[in-house]
Protein chains: 2
Amino acid sequence: MPEGTPTIKDVAERAGVSVTTVTNVLYGRGSRFSEQTRERVLQAVEELGYRPNQIARSLVRRRSNTLGVVVEHFRGALMGNPYYSTLLDGILAEAVQSGYQLKIIALERPDPEHARLSAEDGSIDGAILAAPLYQSPLLQWVESCNIPRVVAGSSPQDLRAACVDVDDEGSVYAAVKWLIDLGHRRIAFIAGPTNYWSARQRERGYLRALHDAGITPTPHWIRRGDYSTLSGRQAMELLLQVRPAFSAVVSCNDWMALGALETLRRKGLLVPEDISVLGFDDVEAAAVASPPLTTIRQPVREIGITTARLLIQQIESGKPSTEHVIFPGELVQRDSVMPCSPEPPDRIKPRQRIRPRRRRC
Amino acid sequence: MPEGTPTIKDVAERAGVSVTTVTNVLYGRGSRFSEQTRERVLQAVEELGYRPNQIARSLVRRRSNTLGVVVEHFRGALMGNPYYSTLLDGILAEAVQSGYQLKIIALERPDPEHARLSAEDGSIDGAILAAPLYQSPLLQWVESCNIPRVVAGSSPQDLRAACVDVDDEGSVYAAVKWLIDLGHRRIAFIAGPTNYWSARQRERGYLRALHDAGITPTPHWIRRGDYSTLSGRQAMELLLQVRPAFSAVVSCNDWMALGALETLRRKGLLVPEDISVLGFDDVEAAAVASPPLTTIRQPVREIGITTARLLIQQIESGKPSTEHVIFPGELVQRDSVMPCSPEPPDRIKPRQRIRPRRRRC
DNA sequence: CTGAAAGCGCTTACAG
DNA sequence: CTGAAAGCGCTTACAG
């Protein structure tokens, strides 16, 4: 606050009452004051343009009414990653509705001590660890944290803290099983970076689904990208060299699937007639791709909302929780997947594009 | 802070020194203590797991080392709008680098008094008003604000506060002039919602460019959307009914341009052979659209960085500023624009797709 | 119905 | 080199 900002003392003096009385009327403590006093105080507040200093209030109440979102590995964390912004959106919506404000604690390094210093400093009532990387040191912090906290996004199953996430493995398992039911047997996989929990879990889902269907994948079936469109393009180029060819490819995220789509288009292959493509995330671009991408949507906003809700519950009840909330992924059927064609797509030949029915947009 | 959290007093007692001395060693006040004292204090800090309470510190120093980002009309502000997340990203990057943390102040209504209460409460050292709507009441607040502040995103030219923005009008003016230089004379416009400054400015740029080229647009040339893909689709359908047909269409943002692309594809028209399409923003989906969308990129992240920098300057110098920083837009040439074909595209006929050279991706 | 006083956990002159 | 004391702007028993 700049110098000269009116304080509660100024208000008290102007209204000719004590500061105790000012607090009482400001926060409406029952009938601890007369109507006349009330008016005098409110008038003084008005005339002075008084606004309570929340920092002072927080100090004595030991409550800041603020939630903290801690993100690690900040380089471009929010941008280029709609996951964070959507998550934040959900958290923010729930926080605002419950009367909390939000503080972003961006850590340059995933250092537990750094997190402790920034988060457990009285400025927030509880912390949300947003989408930690695989084996992040921050998970140790979160487990030994002295304030209410919950982890949003991929985290170990045995985490000793509350967390909210999508069922990465189960969703991919179900989707791959669906492809198999559509007749696909040769299903390639564009894997994601191994420092992401999500990438690891999704890969497990893929492998397990093949395994349960009695299909043995070989290393050639899997190409690893880094979640970028470019890496998806490159992975697809390599996969196209594998013989016999695949009838379907599952990508660990939409951006790589979009890159794969580009490669296929450039090579003159039709999607889904020649190859079915399945993504994950349902980013905005997926719906306007050509063809519109069939993908697995995770309810990121809902995850954010639930995360904030869980945190606020802990704060207001005073009871720590280690509840795990897992949302199912939702298969969004668009136009990039169709039943496996009996005709092997080994030979590349241009043909009339058949427009599949749009099922959802 | 939970009960029982060690305070500076506990550290002092354990180390057998005064609290003054503890502060001195913690914040390294020159040589106001012996090496031995220093070690004793640090050891006590370590043993107790002491972490300074920043709320108490903020109260006495009248500094929170926190920047506030105030956003109005919160419904889905961040999500569905990469502008906010990218802006936030830039702000965050600069803040972290300068040792500030970030607080998000989401206002349910654009009420100046509400803003004053939430922002001028001692919890932030300065405020960033992020992309206010056209004639937002928050602009009044920002002008009469008692703390350092800067507006990011579209705002009136005569704003009496610092602000950072892209040159919406000038960028569209230049791009439309470019289309005219490519031979286009009939250029339609998909306008944006009138409660956005950006939409209004871009429309002015379009009109002024036509005017300066001696072209008189009629109301039929302009269809208004709401920035969504769906509205772009609908606008394009209406525009296609106008005769004589257009050779180019400029969209007020990329999402509507993407919708327009869909409509054109469905109608069997080729882009850019039949109609050139130009977007604005360069969202991620623009690069992977088919064809990849030619668009005007605004340096949103840089705007965020500059905004934070301007704010921090004000905070640390103690001098308010009303500087306006305007970035030029950048034309990103992809594959959705080509010179106007001499052959009028009135009759729709399928033909071999000519792949234009890719100029940038 | 109202107010004096203690205290939240720090920092900062100031005196020694 | 070190510490007692005042104070940042509030809230909260507690006494009247």
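The values are calculated or read from the model by the stated rules, or taken from the named source; none is laboratory data. Note that the structure is a prediction, hence the values are computed from the model and not measured. Backbone-built Cβ (ideal geometry, glycine too); neighbour counts: all protein chains shown. For accessibility, only protein heavy atoms count, side chains too; no ligands or nucleic acids. Shrake-Rupley method; radii C 1.70, N 1.55, O 1.52, S 1.80 Å.
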- Only residues in the stretch A:18-36 that are at pLDDT below 75 count as the first member; pair them with residues that are within 8 Å of DNA strand D (Cβ to nearest atom), Cβ under 9 angstrom, at least 6 apart or cross-chain, and list the lot. A:Arg29/A:Thr23; A:Gly30/A:Asn24; A:Arg32/A:Thr20; A:Arg32/A:Asn24; A:Phe33/A:Asn24
- Query: Looking at the stretch A:283-311, which of its residues are open to solvent by less than 10 Å² (accessible area, probe 1.4 Å), assigned to a helix (DSSP H, G or I) and more than 14 Å from every other protein chain (Cβ to nearest Cβ)?
  - Reply: A:Thr307, A:Leu311
- Which residue, of A:Ser118, A:Ser98, is polar (S, T, N, Q) and either away from DNA strand C (no atom under 16 Å from the Cβ) or within 20 Å of A:Asn81 (Cβ to Cβ) (or both)? A:Ser98
- Taking the stretch A:18-63 on its own, how many of its residues are more than 12 Å from DNA strand D (Cβ to nearest atom) and either in the same structural domain as A:Ser98 (by TED's automatic domain parsing) or of a type in the set (A, V, I, L, M, F, W, C) (or both)? 2
- Within the stretch B:161-177, residues of a type in the set (Val, Ile, Thr) and either at pLDDT below 95 or not in a helix (DSSP H, G or I) (or both) come out as B:Val164, B:Val166
- Pick out the one residue from B:Leu258, B:Leu238 that is over 13 Å from B:Ala175 (Cβ atoms), within 13 Å of chain A (Cβ to nearest Cβ) and in contact with a strand residue (DSSP E or B) (Cβ under 9 Å, 6 or more places away or on another chain). B:Leu258
- Give the residue, chosen from B:Ala106, B:Ala119, that is touching a residue at least 24 places away in the same chain (Cβ under 8 Å), among the small types (Gly, Ala, Ser), within 14 Å of chain A (Cβ to nearest Cβ) and surrounded by 24 or more Cβ atoms within 10 Å (Cβ to Cβ). B:Ala119
- Message: Restricting to the stretch A:223-232, name every residue that is more than 13 Å from chain B (Cβ to nearest Cβ) and open to solvent by less than 40 Å² (accessible area, probe 1.4 Å).
- Response: A:Gly225, A:Ser231
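Out of the stretch A:184-219, which residues are of a type in the set (A, V, I, L, M) and either touching a residue at least 40 places away in the same chain (Cβ under 8 Å) or in a helix (DSSP H, G or I) (or both)?
Scanning the stretch A:184-219 gives A:Ile187, A:Ala188, A:Ile190, A:Ala191, A:Ala199, A:Leu207, A:Ala209, A:Leu210.
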- Just one of B:Ile124, B:Ile128 is more than 15 Å from B:Ile326 (Cα to Cα), within 17 Å of the chain's Cα centre (by Cα) and open to solvent by less than 10 Å² (accessible area, probe 1.4 Å); which is it? B:Ile128
- Of the numbered conditions (1) without any contact (Cβ under 8 Å) to a residue 24 or more places away in the chain; (2) of a type outside the set (Asp, Glu); (3) farther than 26 Å from B:Pro6 by Cα; (4) facing another protein chain (nearest Cβ under 7 Å), A:Leu88 satisfies every one except a single condition; which is it? (1)
- Note on the structure: Of (1) open to solvent by 10 Å² or more (accessible area, probe 1.4 Å); (2) touching a residue at least 12 places away in the same chain (Cβ under 8 Å); (3) more than 12 Å from chain B (Cβ to nearest Cβ), A:Asp181 fails just (2)
- So A:Val69 clears everything in (1) touching a helix residue (DSSP H, G or I) at 6+ places or on another chain (Cβ under 9 Å); (2) within 14 Å of DNA strand D (Cβ to nearest atom) except one condition, right? Which one? (2)
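A:Val242 - would you say it is of a type in the set (Val, Ile, Thr) and surrounded by fewer than 24 Cβ atoms within 10 Å (Cβ to Cβ)? Even if it seems obvious, please write down each step before you answer.
Working: of a type in the set (Val, Ile, Thr): yes; surrounded by fewer than 24 Cβ atoms within 10 Å (Cβ to Cβ): yes.
Taking the combined requirement at face value, the residue satisfies it.
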- Message: Going residue by residue through the stretch A:72-85, is there one that turns out to be within 16 Å of DNA strand C (Cβ to nearest atom) and open to solvent by 30 Å² or more (accessible area, probe 1.4 Å)?
- Response: no
